[in-house]
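Here the structure is laid out as structure tokens; the discussion comes afterwards.
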């Protein structure tokens, strides 16, 4: 829940920034000077890139959550008991000990989105966010392909 609140706050702040930057961009574009016009264009382009990036991340989060809910409904989420730190994150040693099983599952079933999602959870528990996101992205694309075929 805290993550959703943080995402909502960041999105509102980004939208506020876009509005304020857009106002400043119009002033600079109306200045008639080359540098002002260039800065005005930049103030239009950069917020568009920021909106695209935040939209992409929000869409990733929605799709990842949907897959997690599907796995939970199937009773296929990992259920191992892990030792956790005071922050609530799994200890690295416990997470690393489970990782080979999930990697072997992906190697045995490379087209199974469920295996890729669980591997992403294992990567995340081990603290490897980049690979976790990659595995979950792979799970999302495999599940979308499964839906198109069905």
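The values are calculated or read from the model by the stated rules, or taken from the named source; none is laboratory data. Since the structure is predicted, the reported quantities are computational estimates derived from the model, not experimental observations. Counting neighbours? That spans all protein chains shown, and the Cβs are built from the backbone with ideal geometry, glycine included.
Values computed for the structure shown
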quantity: Cβ pairs under 9 Å, 6+ apart, first in segment 127-150 and outside the structural domain of residue 63 (by TED's automatic domain parsing) and on the phi < 0 side of the Ramachandran plot, second assigned to a helix (DSSP H, G or I) and surrounded by fewer than 13 Cβ atoms within 10 Å (Cβ to Cβ); calculated: 140/66; 143/66
quantity: Only listed residue being in contact with a helix residue (DSSP H, G or I) (Cβ under 6 Å, 6 or more places away or on another chain) and in contact (Cβ under 8 Å) with a residue 40 or more places away in the chain, chosen from 29, 77, 70, 43; calculated: 77
quantity: Which listed residue, of 102, 117, is closer than 21 Å to residue 4 by Cα, in the same structural domain as residue 136 (by TED's automatic domain parsing) and either under 23 Å from the mean Cα position of the chain (by Cα) or surrounded by fewer than 12 Cβ atoms within 10 Å (Cβ to Cβ) (or both); calculated: 117
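Matching residues to (1) outside any loop (DSSP other than H, G, I, E, B); (2) over 19 Å from residue 139 (Cβ atoms):
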| residue | (1), (2) |
| --- | --- |
| 5 | yes, yes |
| 11 | yes, yes |
| 42 | yes, yes |
| 45 | yes, yes |
| 64 | yes, no |
| 87 | no, yes |
| 95 | yes, no |
| 98 | yes, no |
